[in-house]
Amino acid sequence: ARTAEEPIAAYRMIDRIRERHGVVPRMLAADTGYGSGHFLAWLERQGIEAHIPLIASRDGTGKRPPKAAFAYDTASDTYTCPHGKTLRRAGSKMGQFKGGSKSGLVSYYPSRRECGACPIQSDCAPSGIRTVQRSIHEPARDRAREKAGTDAFLASTRLRRRVERVFACIKHHDDLNR
């Protein structure tokens, strides 16, 4: 599987269905390869309910606290670290970010003084200051996370696995790797 190419193919298929038949699916069940924030946000804009597991982050190795340990406050657009320090959004309020990130990620930094005085600073940020990044599509990821435990999501997951099993058998027995 090519994770970056799977959502592109799904965009095309959904657009073709809309153009040729004038319909849009109400729900889309897919595997984790489609669980990016960008794709989930696009599905929401199309009015399609996503039953897709999220792509997991590779955060929290060793003694370093994972991103999940940092609490996000929507009202102030800040994170709070496990020791109560506030991480503020980088850049100006006009949406201009340091580094001009085109990846759709926004960085949050603590003040240098607060971070340096922290008792776990050497484990949390051995190279200096700890940063936390948040995707601009994180609200769509949060809504997908909420749906993950529902009965409808579990039912569509069981059906999807049945179909995936058939495709896996065809690929294996007929040597259709690509």
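The values are calculated or read from the model by the stated rules, or taken from the named source; none is laboratory data. All values derive from a computational prediction rather than experimental measurement. Positions of Cβ are backbone-derived with ideal geometry, glycine not excepted, and every protein chain shown enters the neighbour counts. Surface areas here come from the heavy atoms of the whole protein model, side chains and all, with no ligands, DNA or RNA. Shrake-Rupley method; radii C 1.70, N 1.55, O 1.52, S 1.80 Å.
For the condition touching a Phe, Trp or Tyr at 6+ places or on another chain (Cβ under 8 Å) and farther than 30 Å from GLU44 by Cα, what is the one hit in ILE129, ILE120? Working first, answer last.
Working: ILE120 fails: touching a Phe, Trp or Tyr at 6+ places or on another chain (Cβ under 8 Å).
Every option except ILE129 fails the conditions.
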Checklist entry - Which ranges mark the helices (runs of 4 or more DSSP H) fully within the stretch 70-178 that have 2 or more residues being at pLDDT below 80? => result 112-116, 121-124, 151-173
Checklist entry - Among (1) surrounded by 14 or more Cβ atoms within 10 Å (Cβ to Cβ); (2) free of Cβ contacts under 8 Å to residues at least 40 places away in the same chain; (3) under 27 Å from LEU40 (Cα atoms), which single condition is GLY149 missing? => result (1)
Checklist outcome for this item: Scanning the stretch 10-31 for residues that are in a loop (DSSP other than H, G, I, E, B) and not aliphatic (A, V, I, L, M), the one most open to solvent (accessible area, probe 1.4 Å) turns out to be ARG26
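Collect the residues in the stretch 32-52 that are open to solvent by less than 50 Å² (accessible area, probe 1.4 Å) and part of a strand (DSSP E or B), keeping them in residue-number order. It would help to see each step written out before you state the result.
Kept after step one, since they are open to solvent by less than 50 Å² (accessible area, probe 1.4 Å), are these residues of the stretch 32-52: 33-37, 39-43, 48, 50-52.
Those that are open to solvent by less than 50 Å² (accessible area, probe 1.4 Å) and part of a strand (DSSP E or B): ALA50, HIS51.
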